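To start, the structure under review is shown below, and the notes come after it.
Bear in mind that the values in this text are calculations on the coordinates, not laboratory data. Source: prediction; values computed, not measured.
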Amino acid sequence: MRSIIERTPVPYIAYMLILAGFAFLGVFTFTLANQHPIALFTGIGTALSFAGAIGGYYLRRYQIRHPLREDSPLLSVDLLTPPEYDSEVEQYLINYRSADRPA
């Protein structure tokens, strides 16, 4: 179960939930201004979208702080940063930053 959660692109899903939340917010504002009966449902959709996004980022924070294995990749909340393995970081430090490495 945890390996499925580890492979899930949580930042992408949370980002899409934020976008959906803003779309719901726009529809909610419109339906509320026009006193449409679905205003309640769009308001609930707005709240659930933003709550899901917040929960997604909390899940990623938990994944970063508690890796599954010692050789788990280094995760980031950034959408554009791919996971890095410790061996890749060590190889980079050896090749390009040998003066910056701690002794």
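³J(HN,Hα) across region 26-38 via Karplus (A = 6.51, B = -1.76, C = 1.60, θ = phi - 60°), whole Hz, x for Gly/Pro?
Using θ = phi - 60°, the values come out as x, 5, 4, 4, 5, 5, 5, 5, 8, 6, 7, x, 8 Hz.
Scan around HIS36 for amide H atoms under 5 Å from its own, H built in the peptide plane at 1.01 Å from N, and keep only partners 5 or more places away or cross-chain.
It is none; the list stays empty.
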